[in-house]
Each structure stands twice: as C-alpha cells, then as structure tokens.
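Engineer: Once you've had a glance at the structure underneath, I'll fire off some questions.
The values are calculated or read from the model by the stated rules, or taken from the named source; none is laboratory data. Worth saying up front: this structure is predicted, and the values here are computed from it rather than measured. Quick reminder, even Gly has a Cβ in these numbers, built from the backbone with ideal geometry, and neighbours come from all protein chains shown. What goes into the accessible areas is simple: the full protein's heavy atoms, side chains included, and nothing from ligands, DNA or RNA. Shrake-Rupley method; radii C 1.70, N 1.55, O 1.52, S 1.80 Å.
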Amino acid sequence: MSVLAFIELDENNIKKSSLESAGYAAEVAKRLGTTATAVALGAVAGGELEGLGKLGIQKVLHATDGRLKEENIQAYASVLAQAVEKEGAEVVVFAKSSLGDAVASRLAAKLKAGLAANVVDLPDLINGFRVKRSIYTGKAFAITEIKSGKKVLTIKKNAFSPSQSGNTATVEPFTPTLNDADFSVAIKEKVKATGDILLPEADVVVSGGRGLKGPEHWSIIEDLAKALGAATACSKPVSDLGWRPHHEHVGQTGLKISPNLYIAVGISGAIQHLAGVNSSKVIVAINKDPESPFFKAADYGIVGDAFDVVPRLTQAVKAL
Amino acid sequence: MKILVCITHVPDTTSKISFTDNNTKLNKAGVQYIIGPYDDYALARAIELKEASGGTVTVLNVGEADTEPTIRKALAIGADDAIRINAYPEDAYFVATQIAEVARTNTYDLILKGRESIQLHGCQDHGQVVGRDSLAFTGGQGHGLGGELLGSPSVSPVMQVDITGGLAKITREIEGGKEYLEVKLPFVAGCQEPIAEWKIPNMRGIMSARTKPLQVVNPTSNETVTTVAQFELPPPKGTVKMIPAERAEELITLLRNEAKVI
Ligand SMILES: Cc1cc2nc3c(=O)[nH]c(=O)nc-3n(C[C@H](O)[C@H](O)[C@H](O)COP(=O)(O)OP(=O)(O)OC[C@H]3O[C@@H](n4cnc5c(N)ncnc54)[C@H](O)[C@@H]3O)c2cc1C
Ligand SMILES: Nc1ncnc2c1ncn2[C@@H]1O[C@H](COP(=O)(O)O)[C@@H](O)[C@H]1O
C-alpha cells in the first residue's frame with residue numbers, strides 16, 4: 001500500500017498547488033501508516049524533485065520520455081495507472097486544476113476508484129474514508145465517503161498548508177509503456193503567456209470589472225498586481241468585450257479561484273461573479289457605488305473612484 | 001453527424017443554499033432549476049454543428065421524472081430528441097457508466113458535455129435524502145470518466161470546436177493561455193464559453209418541444225463508489241470593514257498586520 005501524488009509542472013517548475021497536494025498525500029500516508037510517492041512527468045528544474053522530501057514524500061518516480069513533455073491527458077492517465085500498479089497505491093492525490101480534473105477522472109475510471117473533487121480537508125479515517133469537499137461554488141461542503149478500495153482525490157488550492165520536515169526524496173527513473181492510442185489527441189500549438197503568475201496558482205489576485213471603462217486603463221490593475229506579486233483577473237463582461245483574455249475571467253462561467261487575497265476593482269459583485277471568488281480567504285472591494293453588492297461579500301471595502309484609489313494603494317504597497 | 005449532448009438539471013446559481021433534515025437534504029423551497037450553464041454551451045454548439053452540416057442532436061439526462069421540464073427546454077432550444085435514464089444521479093461513476101451504455105448502443109460521432117456540473121461545483125442536486133439517494137457528484141470529471149469508459153479521447157475545457165471530414169480542430173483553454181488540438185471523431189468534449197452563443201427557445205421551439213420524442217430508459221446497474229454522508233454550511237461571513245477613500249492607504253497596513261495576507 002502507498003499514497004501517490006501527481007506533480008504538475010509550469011515551465012519545468014513544480015506548481016505551488018502540486019506542492020500543497022504532495023504535502024497532503026504525505027500527511028494521508030502518515031495517517032495510514034504508509035509512505036508517499038510522487039510521480040513527475042517531463043523535465044523538472046534541478047533539485048526540485050529531491051526537495052519534495054521536505055514535504056514528507058519518500059520517493060519520486062520520474063518519467064522523462066520525450067512524448068510526455070506535452071500535457072497529454074490520455075497518456076498521463078495511463079502512466080499514472082502504471083505507477084499505481086507498480087507502487088500498489090491505494091490513494092492518488094491531484095491538485096484541483098484543469099489538467100488534474102482531466103487526468104484524475106480518466107484514472108478513476110481505469111481503476112474503478114471513487115473520486116472526490118475539490119477536497120478541502122484531511123480525510124476522516126475513523127468512519128471509512130471520508131473527505132470534506134467544497135460544493136455549490138463554495139456555498140456549502142459535502143462530507144463524502146469513498147467506498148471503493150482505490151481512491152482518487154483532487155485538492156482545492158489553498159485548502160491545505162503542508163508541514164516542512166526536512167528530508168530528501170529519492171528520485172527513481174520511471175519508464176512506463178506508452179501506446180500510440182494514448183496520443184490520439186494531437187497537440188498542434190500552445191499559446192501561453194510566459195513569466196506571468198498563473199491565476200489559479202496565485203496567492204493574491206487583483207481583478208478589474210467594467211468600472212474600469214476600457215482596456216487602456218488596465219495599467220492601474222497591473223501595477224498594483226505587480227507591486228503585490230499578484231495575478232490579474234477580470235469579470236465576464238470584461239473578457240466578453242475582449243478587454244482581457246478569457247483565461248482571466250472568474251465566476252460561474254469562468255475560473256473558480258481561492259487565493260489568500262482577492263481585490264475587486266470596479267466590479268459590481270453579481271452572484272455569478274462571486275461564485276468564482278467566494279472561497280478567497282480575504283476579499284477587498286473597491287467601488288464608487290456604496291450600494292454595490294460586493295461590499296456584502298467583502299472583508300474590507302473602500303467606496304471611491306478606482307482611478308484615484310488604486311494608484312495610491314500601489315504606492316502604499318511599494319512603501320512597505 | 002450524430003451528436004449526443006449530456007445535460008444536467010441544476011439549481012440556478014442565484015439560489016440560496018440551505019439544508020434540512022439534519023443537514024442531509026437540500027432545502028428545495030424557492031430553488032429554480034436550469035440546464036447547467038456549461039451544458040447550455042454544449043447544446044448551443046451541437047445545434048450550430050447540425051445546422052451547418054446536417055445530422056441529429058440528442059440530449060441525455062440521468063435523472064428522475066422531475067428533470068423533464070429541463071429536458072423539454074433543451075428540446076425547445078433545438079435538440080431533435082431526448083433520452084432520460086430514469087435514475088437518481090447518485091455519483092459521478094454511476095452517471096458516467098450509464099451515459100457510456102447509451103453511447104455504446106447508439107454510436108454517436110460526438111459526445112458533448114459541460115466542462116463541469118457548475119454552480120454546484122461538482123454536486124448536481126435533486127434534493128434527495130443522503131445515504132441511499134446521496135448527491136455525490138464530482139466536479140468536472142464527467143468527460144474524463146466517460147471518455148475512458150468508452151475508450152475514446154476526452155478533451156476539456158473546450159472553447160472552440162470545428163469539424164471537417166471526421167477531424168475536429170479544437171481550442172482548449174489551459175492555465176494562462178490556449179492549446180490547439182486535432183482529434184478524430186468520436187470523442188468526448190467538456191465545453192465552456194465561447195464555444196457558442198447561448199440559445200433562448202422561441203415560441204415555435206417551445207410548441208414543437210412538446211411533441212418531440214423523449215425516451216425513458218432504465219439504468220443497467222446501480223453501482224456507485226462514493227456517497228455523501230452529510231452537508232455543512234460555511235461559518236457566517238463577518239461584517240465588512242470600510243476604509244474611507246481619503247485614507248485608502250490604511251488598507252495596505254490592515255492587509256499586512258491584521259489580515260496577514262500580504
Ligand atoms: C448565467 C450567467 C453567468 C454569468 N457568469 C459570470 C461569470 O462567470 N463572471 C462574471 O463576472 N459575471 C458573470 N455573469 C455576469 C454577471 O451577472 C454580471 O453582469 C457581471 O459580473 C458584471 O460585471 P461588472 O461587475 O464588471 O460590470 P458592472 O455590473 O457594469 O459593474 C461595474 C461596477 O463598477 C463600478 N464603477 C464604475 N465606475 C467606477 C469607478 N470609476 N471606480 C470604482 N468603481 C466604479 C460600478 O459602481 C459598478 O458596480 C453571468 C451572468 C449570467 C446570467
Ligand atoms: N445527471 C446527468 N445527466 C446527464 N449528464 C450529466 C449528468 N451529470 C453530469 N453530466 C454531464 O457531465 C458534465 C460534467 O459533470 P461533472 O463531472 O458532474 O462536473 C456535465 O456538464 C454534463 O454534461
């Protein structure tokens with residue numbers, strides 16, 4: 001028996017959400033009286049895999065086959081199934097992300113494993129295997145029991161902070177069998193902003209709405225984000241109007257994020273928008289309308305003109 | 001081209017969520033049910049594809065009789081016929097196996113699902129008692145489970161899909177950007193905007209929906225792998241602390257010293 005953690009990469013670095021889920025896997029392994037193994041596919045920056053030992057991971061299976069460089073959902077699922085087999089794993093832990101969702105679900109079907117998505121807490125092992133999941137876009141939780149022998153979990157970002165113990169993980173080369181059928185989806189091209197903090201990974205997010213009046217005013221959002229080391233986001237009309245790219249749009253039809261801090265500028269706070277951000281730890285609303293519904297969902301609020309307030313906040317951050 | 005669109009019947013996001021019966025049952029009072037918003041995109045694109053190159057659009061829901069108004073709405077929007085698998089959607093595995101059974105017998109060229117059973121974030125809900133009739137949906141897993149069960153590729157979240165000569169060109173959203181893919185039919189896609197414009201049923205659609213075929217079939221198994229034991233509500237939100245605009249800078253101090261988030 002063991003617990004497996006899937007490691008997601010961004011430009012050869014381990015994603016923060018994967019550090020959280022790897023730490024989660026290690027803690028589950030400890031409670032089950034077993035060990036945790038991580039699985040990483042593709043090139044990883046030097047020392048990072050060994051460093052997973054700090055989170056309690058004992059071993060890392062590292063597959064470097066060139067065909068695994070691209071995020072190919074079917075191939076990844078079949079590699080993980082082979083790792084599960086090799087390690088005799090009972091629990092497989094993913095970060096909740098678009099890749100995590102896609103791979104975890106195919107893996108669950110292969111293993112006939114119960115899958116719990118959006119897990120926010122360590123499992124209760126006294127009553128079977130029960131996990132708490134965030135549902136209704138953060139409006140409630142469901143205590144879910146996984147009845148199958150094998151279990152697959154996806155962990156919500158920012159729900160678990162791993163402890164640091166300080167060992168080094170052993171990295172083992174891993175050579176899974178790959179079939180052509182695993183590559184039936186051809187990845188032709190990938191267009192991705194480089195160097196930016198990925199929105200689902202960010203601890204701090206500065207977001208703008210239609211109150212900013214046009215894309216030419218986004219520099220005030222970007223400057224504050226830069227000063228805070230934050231990612232930028234936007235409301236749906238802003239991406240519909242083409243002011244910002246679609247992948248920045250949060251809400252019911254966009255991304256669901258759960259950063260430590262979400263700063264909403266010139267966004268009214270419609271319920272469909274809140275559905276994407278109400279799991280944030282702290283919410284700040286800046287709006288010129290004192291009646292804006294966002295103030296009801298926020299922890300801190302400023303009634304004021306974004307064009308006056310936001311640059312002053314940027315200055316204040318720089319002065320810290 | 002034969003297209004299958006899988007739709008959910010879910011509470012509108014604006015619904016206030018509360019539970020009854022010792023937190024084991026959704027309080028259905030005042031809850032308005034809709035087609036899952038991502039499923040609405042899938043349906044709209046399916047109809048566009050049919051209008052462009054012919055074929056049929058079948059909608060499918062795994063649910064009990066109370067989901068029929070939602071299914072009729074999909075017919076009013078333009079689907080040709082519908083299948084309801086008469087069972088409470090107890091968990092994602094159960095739903096995916098039942099959808100796969102139908103898909104296997106009817107051989108569709110394309111199966112469109114939503115990216116996730118949305119506002120519920122992985123919990124479709126019919127307000128049943130937890131335990132036997134639990135609500136154990138996973139969020140955003142239907143396409144992967146379905147694809148794997150059918151031995152077909154699965155792609156999600158899909159922002160654009162165009163099909164020529166049995167080959168689909170797809171734009172998939174990735175974190176921080178997009179990916180352009182090609183895959184041969186059949187496959188399963190989890191859809192999201194801007195794949196198509198949502199369609200609103202017109203009067204003619206509503207009238208014709210009444211007579212379009214809606215076939216009710218029984219599930220082939222009742223196997224589940226998860227169950228919901230109980231629900232919980234988050235602790236109530238504290239009150240907002242307002243900072244006067246003239247002293248906006250104080251916010252930064254509060255975020256550092258009080259909230260400790262920067
Ligand atoms: C089914 C459905 C799904 C949806 N999904 C989403 C979703 O995923 N995400 C999403 O965001 N929306 C979504 N919406 C839309 C949502 O209902 C709102 O229409 C949208 O969020 C409003 O965007 P906004 O707040 O940027 O714009 P507006 O509603 O136009 O609000 C602009 C705000 O800016 C303020 N303002 C104006 N000028 C200034 C200034 N100088 N300084 C400070 N404040 C200023 C105004 O007071 C106002 O509150 C959805 C709607 C539907 C029906
Ligand atoms: N009960 C159901 N009936 C039909 N399709 C469903 C059902 N539940 C989920 N789906 C489909 O699977 C997609 C993903 O759902 P989920 O994995 O539950 O987030 C949905 O958007 C639907 O297309």
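Engineer: When the stretch A:244-256 is examined, which residues are found to be open to solvent by less than 10 Å² (accessible area, probe 1.4 Å) and in contact (Cβ under 8 Å) with a residue 40 or more places away in the chain?
Structural biologist: Listed by number, the list holds a single entry, A:VAL250.
Table: residues versus (1) in contact (Cβ under 8 Å) with a residue 24 or more places away in the chain; (2) more than 9 Å from ligand 2 (Cβ to nearest atom).
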{"site": "B:LEU4", "(1), (2)": "yes, yes"}
{"site": "B:PRO11", "(1), (2)": "yes, yes"}
{"site": "B:LEU26", "(1), (2)": "yes, yes"}
{"site": "B:ILE35", "(1), (2)": "yes, yes"}
{"site": "B:TYR38", "(1), (2)": "yes, no"}
{"site": "B:TYR41", "(1), (2)": "yes, yes"}
{"site": "B:ALA52", "(1), (2)": "no, yes"}
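Engineer: If we keep just the residues of the stretch A:301-320 that are more than 7 Å from chain B (Cβ to nearest Cβ) and β-branched (Val, Ile, Thr), which is farthest from ligand 2 (Cβ to nearest atom)?
Structural biologist: A:THR314
Engineer: Kindly list, by first and then second residue, each pair from a residue in the stretch A:142-154 that is assigned to a loop (DSSP other than H, G, I, E, B) to a residue that is hydrophobic (A, V, I, L, M, F, W, C), limited to pairs with Cβ atoms under 7 Å and residues at least 6 apart or on different chains.
Structural biologist: These pairs meet every condition: A:LYS147/B:VAL225; A:SER148/A:ALA113; A:SER148/B:VAL225; A:LYS150/A:LEU111; A:LYS150/A:ALA113.
Engineer: Pick out the one residue from A:VAL238, A:VAL250, A:VAL282 that is of a type in the set (A, V, I, L, M), closer than 29 Å to A:PHE160 by Cβ and more than 9 Å from chain B (Cβ to nearest Cβ).
Structural biologist: Working: A:VAL238 fails: closer than 29 Å to A:PHE160 by Cβ; A:VAL282 fails: more than 9 Å from chain B (Cβ to nearest Cβ).
Matching residue, one of A:VAL238, A:VAL250, A:VAL282: A:VAL250.
Engineer: Every residue in the stretch A:298-315 that is aliphatic (A, V, I, L, M) and open to solvent by 20 Å² or more (accessible area, probe 1.4 Å), please. Please lay out each step first, then the result.
Structural biologist: Restricting attention to the stretch A:298-315, the residues satisfying the condition of being aliphatic (A, V, I, L, M) are A:298, A:302-303, A:306, A:309-310, A:313.
Correct list: A:VAL303 only.
Engineer: When only residues in the stretch A:262-284 that are more than 9 Å from ligand 1 (Cβ to nearest atom) and without any contact (Cβ under 8 Å) to a residue 40 or more places away in the chain count, which is farthest from B:GLU246 (Cα to Cα)?
Structural biologist: Filtering first and then ranking leaves A:VAL282.
Engineer: Of all residues in the stretch B:151-178, which are among the acidic types (Asp, Glu) and modelled with pLDDT of 95 or more? It would help to see each step written out before you state the result.
Structural biologist: As a first pass, look at the stretch B:151-178 and keep what is among the acidic types (Asp, Glu): B:162, B:173, B:175.
B:ASP162, the sole residue that qualifies.
Engineer: I would also like to ask the following. Within the stretch B:7-50, track down each residue that is surrounded by 18 or more Cβ atoms within 10 Å (Cβ to Cβ), assigned to a loop (DSSP other than H, G, I, E, B), of a type in the set (Ser, Thr, Tyr) and within 16 Å of ligand 1 (Cβ to nearest atom).
Structural biologist: Within the stretch B:7-50, B:THR8, B:THR13, B:SER15 qualify.
Engineer: On the given criteria, is A:SER148 within 7 Å of another protein chain (Cβ to nearest Cβ) and open to solvent by 10 Å² or more (accessible area, probe 1.4 Å)?
Structural biologist: Numbers: within 7 Å of another protein chain (Cβ to nearest Cβ): yes; open to solvent by 10 Å² or more (accessible area, probe 1.4 Å): yes.
Yes; evaluated as a whole, the condition is true for this residue.
Engineer: Can you tell me which of (1) more than 9 Å from chain B (Cβ to nearest Cβ); (2) surrounded by fewer than 23 Cβ atoms within 10 Å (Cβ to Cβ); (3) more than 21 Å from the chain's Cα centre (by Cα); (4) hydrophobic (A, V, I, L, M, F, W, C) is the one A:LEU212 doesn't meet?
Structural biologist: (2)
Engineer: Would you point out the residue of the stretch B:73-89, among those that are within 10 Å of ligand 2 (Cβ to nearest atom) and either over 29 Å from A:GLY254 (Cβ atoms) or of a type in the set (A, V, I, L, M) (or both), that is modelled with the lowest pLDDT? Explain how you work it out, then say what you get.
Structural biologist: Quick first cut of the stretch B:73-89, residues within 10 Å of ligand 2 (Cβ to nearest atom) only: B:83-85, B:87-89.
With the extra rule that they be either over 29 Å from A:GLY254 (Cβ atoms) or of a type in the set (A, V, I, L, M) (or both), the set shrinks to B:83-85, B:87-88.
Numbers: B:ILE83: 98, B:ARG84: 97, B:ILE85: 96, B:ALA87: 92, B:TYR88: 86.
If we take residues in the stretch B:73-89 being within 10 Å of ligand 2 (Cβ to nearest atom) and either over 29 Å from A:GLY254 (Cβ atoms) or of a type in the set (A, V, I, L, M) (or both), then B:TYR88 is modelled with the lowest pLDDT.
Engineer: Quick check, is B:GLU64 open to solvent by 10 Å² or more (accessible area, probe 1.4 Å) and within 28 Å of A:ALA113 (Cα to Cα)? First the steps, then the outcome.
Structural biologist: Working: open to solvent by 10 Å² or more (accessible area, probe 1.4 Å): yes; within 28 Å of A:ALA113 (Cα to Cα): yes.
Against the criterion (open to solvent by 10 Å² or more (accessible area, probe 1.4 Å) and within 28 Å of A:ALA113 (Cα to Cα)), B:GLU64 qualifies.
Engineer: Here are some residues: A:ALA36, A:ALA43. Which one is closer than 21 Å to A:PRO123 by Cβ and either open to solvent by 40 Å² or more (accessible area, probe 1.4 Å) or modelled with pLDDT of 95 or more (or both)?
Structural biologist: Details: A:ALA43 fails: closer than 21 Å to A:PRO123 by Cβ.
The unique qualifying residue is A:ALA36.
Engineer: If you don't mind, there's one more thing I want to ask. Output the number of residues of the stretch B:214-262 satisfying the condition of being part of a loop (DSSP other than H, G, I, E, B) and either open to solvent by less than 40 Å² (accessible area, probe 1.4 Å) or free of Cβ contacts under 8 Å to residues at least 24 places away in the same chain (or both).
Structural biologist: Step one: list which residues in the stretch B:214-262 are part of a loop (DSSP other than H, G, I, E, B), which gives B:218-225, B:233-240, B:243-244, B:248-249, B:258-262.
Then drop every residue that is not either open to solvent by less than 40 Å² (accessible area, probe 1.4 Å) or free of Cβ contacts under 8 Å to residues at least 24 places away in the same chain (or both), which leaves B:224-225, B:234-240, B:243-244, B:248-249, B:258-262.
Qualifying residue count, the stretch B:214-262: 18.
Engineer: Same structure, new question: How do the pairs read when you match residues in the stretch B:172-189 that are more than 8 Å from every other protein chain (Cβ to nearest Cβ) with residues anywhere that are open to solvent by 20 Å² or more (accessible area, probe 1.4 Å), using Cβ under 6 Å and keeping only pairs 6 or more apart or on different chains?
Structural biologist: Pairs found: B:LEU185/B:ASP109; B:LEU185/B:GLY166; B:PRO186/B:ASP109.
Engineer: Working only within the stretch B:6-31, note down all residues that are of a type outside the set (A, V, I, L, M) and closer than 28 Å to B:LEU214 by Cβ. Spell out the reasoning first.
Structural biologist: To start, the set of residues in the stretch B:6-31 that are of a type outside the set (A, V, I, L, M) comprises B:6, B:8-9, B:11-16, B:18-25, B:27-28, B:30.
Matches in the stretch B:6-31: B:CYS6, B:THR8, B:HIS9, B:PRO11, B:ASP12, B:THR13, B:THR14, B:SER15, B:LYS25, B:LYS28, B:GLY30.
Engineer: Looking at (1) within 6 Å of ligand 1 (Cβ to nearest atom); (2) of a type in the set (Gly, Ala, Ser); (3) over 26 Å from B:SER117 (Cα atoms), which one does A:GLY229 not meet, given that it meets all the others?
Structural biologist: (1)
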